[in-house]
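No value in this document is a laboratory result; all are computed from the given coordinates. Everything quoted here is computed from the prediction, not taken from an experiment. We place every Cβ from the backbone using ideal geometry, glycine too, and count neighbours over all the protein chains shown.
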Amino acid sequence: MQATSDNLVQDLRAVIGDAEELLKATAGQTGERIERVRTRAEQSVRSARERLQAAGEDVQDAARELNGRVHDNPWAAVGIAAGVGLVAGILLARK
């Protein structure tokens, strides 16, 4: 799960970086339509960066809380993990 989240974050950062490079590359282009598109793209990149930052902070907070709960109740965590594994195994075996 953590690896998937990390990959998603890396992919989003790459998309934001590519969009920023595209905006820089088209900076010399003129025209009303291009300016509107550039303005929307800049707003989208800014918004995506802010949401990515907020999501990263939320994930870190959740990970700290989960880590604390697992340390407080290790056997409950093992039982839950075993139950989830059993359910996943049953569901996968059906297909």
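Below are the figures for this structure:
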read-out	value
Amide H within-cut-off set for residue 26, under 5 Å, with H built and near neighbours excluded	none
Quotient of C-alpha Rg and 2.2 N^0.38 Å, computed over the chain	1.71
Nearest-ten-degree value, helix 32-72 long axis tilted from longest Cα axis of the chain	20
0 to 90° range, to nearest 10: angle between helix 74-94 axis and the chain longest Cα axis	80
Computed [θ] at 222 nm, helices only, for the chain once each DSSP H run of length n ≥ 4 contributes -39500 (n - 2.57)	-32500 deg cm²/dmol
Ranked list, fewest to most other Cβ atoms within 10 Å of each Cβ, for 26, 39	39, 26
Extension gain (nm, one decimal) between residue 51 and residue 77, 0.36 nm per residue minus Cα-Cα	6.3 nm
Per-pair calculated FRET efficiency, R0 = 41 Å: residue 64 and residue 39 via Cβ, rounded to 0.05	0.60
